[in-house]
Amino acid sequence: MMELPVHRTPHFGPFVRDGRVVFRFWAPKQRSVRLQFDGTTLPMQSHGGWHSLETTAGFGCRYCFVLENGQAVPDPASRFQPADVHGPSELVDPAAYRWRNTAWRGRPWHETVLYELHVGTFTPEGTFASAARRLEDLAELGVTAIQLMPVADFPGRRNWGYDGVLPFAPDAAYGRPEDLKGFIDTAHGLGLSVMLDVVYNHYGSEGNYQPLYAPVFTERHETPWGAAVNYDDEGSAEVRAFVIENVLYWLEEFRFDGLRFDAVHEIRDSSEFHLLDEIRTAVSTVAADRPIHLVLENEENSAGWLTRREGEAVGFTAQWNDDMHHVLHVAVTGENSAYYGDYTNRPRLLGRALAEGFAFQGERMPYRGRPRGEASAHLPPDSFIAFLQNHDQVGNRATGDRIHHNHPLAAVRAAAAIYLLAPQIPMLFQGEEWAASTPFTFFCDVDAELAEKVREGRRNEFSRFPEYAKPEARATIPDPGSEQTFQSAKLRWREREDAPHADMLAWYRRILAVRVSKIVPLIPDFVQGGRYKVGEQGVVEVRWEGESGTVLTVALNLSATPRLLDEVVEGRPVWIEGHKVGAALAPWTVVWTLRP
């Protein structure tokens, strides 16, 4: 039986020693700091930029640190913020939760069918506890792994999670730390892995007090959010240690099965040993009895982070494959604005993204104005995570519309039949499986001044799209700070029982069952990418050859007109979406075959 999680003595945050609590606070910009808790204020001892105090305190007490100017700030390593980011921190007992499924040992990566969800909109209640009650539905669907959007404490009651400022504290809007552990425990009992999206490239604008007392930013690098997090300037050793401890905290104390690292191309680090290398090294020392999956989002498509050796990841497990989304989205919608223009009328990119992972492998992209990507054909297909929808690709649309809201379900199913049966790792976005009627727009809950900046910034961002070129058109874009914008994104679970949602749900269940029985056993046999070709009439064909001689093939016509294959595809049919007669593929037809 697996041992219970090890609660290692933290470098950051309080811990109990011999019945007393040791409070520690890294604040090199402060000569003196006081600890305030339960109506008491005590001076802390200062040494080498650290301030510490050992005293008697009980679990559940609320505390904060008082700076030289009298300002009270929460613990940057707070484990819980019952009164939000501006309030005091709570002293949490890491052993309070009693785990039930202690025999859980994870699942191998190739079995993964990911399901991305946002806790606040996944259920009407928007809590960890209510989300846990829906996990059985996902297990029955055919999902094997949950990916939570970030839960680190953010300002206000609603947020995507990427504006977090206290990375150790699950947001109180979703419940207590014990509730998050209960969610993970329930998932494990159903055979589901759980991954967490973490953000180390920036902090949110509201509620981040760290710059007042520590060098957490550096002007050495610039990011879309301003000065970069300090990973390579003076004082960076403690900033890096803070991140490493946070990574291990989620994996050990909460028993997450993996992490997804947001926008790592914006982690600016010119050190000889990059922060990502340090993270991977640290993770390799924990949880030896279960697999830990580390996933990247990387706009640069750097294949080097995904290196495999003898079939095992020596860097990171996989990367979100935005190229795969873009080629599928353009094929279904015909959109060509902004970055979608780089993929328009280029079926070769569809074949390449499906076969090799990255569609662009060093070529210049017109929209970006510079080259992007590295060669990736040598990597196995499960180095890439494929999707038709996710929080970014839906939520960063002006109105948060999903692809099935404005396009025929036949076309959407054809595109889904590609990514759901490909040997890449598929990822669904919450509600996709029943063609949810609800949008998913960007929302937040910040102070009035910042809310105005966010609203205007978001609307101005869409000025480059023709349909929003005029100010009156942009004024129709939902206000991110509105409660209604948030409420409109909440899934309506009851609609799953009615057409056309029930039909789509049944379709997803059938195709995922085929993936489990026909595709998943083959994936370890594919040690490198496939081969692709584009026929004279634009039909794309891709084939993957396994080491044992197995050949998986897909032929697809993602268009509204019939098209002919150059030659008949041989093999046993695995799935036919649409209609095929001989060498003729009807509109929106996808044919998967397998031989021998």
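Of note:
- When residues in region 564-587 are screened for being closer than 15 Å to L421 by Cβ, in contact (Cβ under 8 Å) with a residue 60 or more places away in the chain and in a loop (DSSP other than H, G, I, E, B), 1 of them pass.
- Checked against (1) outside the structural domain of A435 (by TED's automatic domain parsing); (2) touching a helix residue (DSSP H, G or I) at 6+ places or on another chain (Cβ under 6 Å), K533 meets all criteria but (2).
- Qualifying residue in region 115-128 (condition: touching a helix residue (DSSP H, G or I) at 6+ places or on another chain (Cβ under 8 Å) and among the small types (G, A, S)): yes
- Residue identified as in contact with a Pro (Cβ under 8 Å, 6 or more places away or on another chain), closer than 27 Å to V514 by Cβ and in contact (Cβ under 8 Å) with a residue 60 or more places away in the chain among L428, L409, L421: L409
- Among the residues of region 133-187, those that are basic (K, R) and in contact (Cβ under 8 Å) with a residue 60 or more places away in the chain comprise R134, R157, R158, R176, K181.
- Here V66 meets the list (1) buried (at least 19 other Cβ atoms within 10 Å of the Cβ); (2) within 33 Å of the chain's Cα centre (by Cα) almost entirely, failing just condition (2).
Let's see how each residue does on (1) over 23 Å from S89 (Cα atoms); (2) surrounded by fewer than 21 Cβ atoms within 10 Å (Cβ to Cβ); (3) among the charged types (D, E, K, R):
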| residue | (1), (2), (3) |
| --- | --- |
| K181 | no, no, yes |
| G191 | yes, yes, no |
| G204 | no, no, no |
| N208 | no, yes, no |
| Y213 | no, no, no |
| A227 | yes, yes, no |
| G235 | yes, yes, no |
| V243 | no, yes, no |
| Y249 | no, no, no |
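- Segments classed as helices (runs of 4 or more DSSP H), wholly inside region 404-499, with at least 3 members that are among the acidic types (D, E): 448-461
- Test for P366: is it over 19 Å from A415 (Cβ atoms) and touching a residue at least 12 places away in the same chain (Cβ under 8 Å): yes
- 3 or more residues touching a strand residue (DSSP E or B) at 6+ places or on another chain (Cβ under 7 Å): qualifying helices (runs of 4 or more DSSP H) within region 221-335: 236-252
Yes or no, residue by residue, for (1) assigned to a loop (DSSP other than H, G, I, E, B); (2) within 22 Å of the chain's Cα centre (by Cα); (3) surrounded by fewer than 21 Cβ atoms within 10 Å (Cβ to Cβ); (4) outside the structural domain of A436 (by TED's automatic domain parsing):
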site	(1), (2), (3), (4)
D342	no, no, no, no
R352	no, no, no, no
G362	yes, no, yes, no
L379	yes, yes, no, no
D382	no, yes, no, no
V394	no, yes, no, no
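- Residue check for R62: at pLDDT 95 or above, in contact with a Pro (Cβ under 8 Å, 6 or more places away or on another chain) and farther than 19 Å from G164 by Cα: yes
- For region 196-204, the criterion of being within 20 Å of Y97 (Cβ to Cβ), in contact (Cβ under 8 Å) with a residue 24 or more places away in the chain and part of a strand (DSSP E or B) is met by at least one residue.
- Any hit, region 73-82, residues being within 27 Å of the chain's Cα centre (by Cα), within 29 Å of Y174 (Cβ to Cβ), among the basic types (K, R) and modelled with pLDDT under 95: no
- Residues of region 32-46 that turn out to be of a type in the set (S, T, N, Q), surrounded by 13 or more Cβ atoms within 10 Å (Cβ to Cβ) and more than 13 Å from Q71 (Cα to Cα), as a count: 1
- Selection within region 523-563 - under 20 Å from E111 (Cβ atoms), without any contact (Cβ under 8 Å) to a residue 60 or more places away in the chain and part of a loop (DSSP other than H, G, I, E, B): G546, E547, S548, T550
- Which numbered condition T144 misses (of (1) surrounded by fewer than 24 Cβ atoms within 10 Å (Cβ to Cβ); (2) over 26 Å from Q393 (Cβ atoms)): (2)
- Check on Y339, without any contact (Cβ under 8 Å) to a residue 40 or more places away in the chain, within 26 Å of P150 (Cβ to Cβ) and of a type outside the set (A, V, I, L, M): yes
- Subset of region 108-136 (residues that are part of a loop (DSSP other than H, G, I, E, B), in contact with a Ser or Thr (Cβ under 7 Å, 6 or more places away or on another chain) and crowded, with 22+ Cβ neighbours inside 10 Å): T112
- Among the conditions (1) over 30 Å from E140 (Cα atoms); (2) touching a Gly at 6+ places or on another chain (Cβ under 9 Å); (3) not basic (K, R), the only one that E461 does not satisfy is (2).
- The lone exception for G311 - which of (1) more than 21 Å from the chain's Cα centre (by Cα); (2) buried (at least 23 other Cβ atoms within 10 Å of the Cβ); (3) not hydroxyl-bearing (S, T, Y) it fails: (2)
- Qualifying residue in region 232-242 (condition: closer than 29 Å to V143 by Cβ, in the same structural domain as G362 (by TED's automatic domain parsing) and of a type in the set (A, V, I, L, M, F, W, C)): no
- Residue ID - nearest to D75 (Cα to Cα), chosen from residues in region 6-29 that are free of Cβ contacts under 8 Å to residues at least 40 places away in the same chain and not in a strand (DSSP E or B): T9
- Any hit, region 493-510, residues being of a type in the set (D, E), closer than 17 Å to V591 by Cα and in contact (Cβ under 8 Å) with a residue 12 or more places away in the chain: no
- Enumeration of residues in region 487-513 that are more than 17 Å from L135 (Cα to Cα) and in contact with a helix residue (DSSP H, G or I) (Cβ under 7 Å, 6 or more places away or on another chain): A489, E495, P500, H501, A502, M504, W507, I511
- E356 vs. criteria at pLDDT 95 or above, touching a helix residue (DSSP H, G or I) at 6+ places or on another chain (Cβ under 7 Å) and closer than 30 Å to R413 by Cα: no
The values are calculated or read from the model by the stated rules, or taken from the named source; none is laboratory data. Just so it is clear, the model here is predicted, and its values are computed rather than measured. Every residue, glycine as well, gets a Cβ built from its backbone with ideal geometry; the counts of neighbours run over all protein chains shown.
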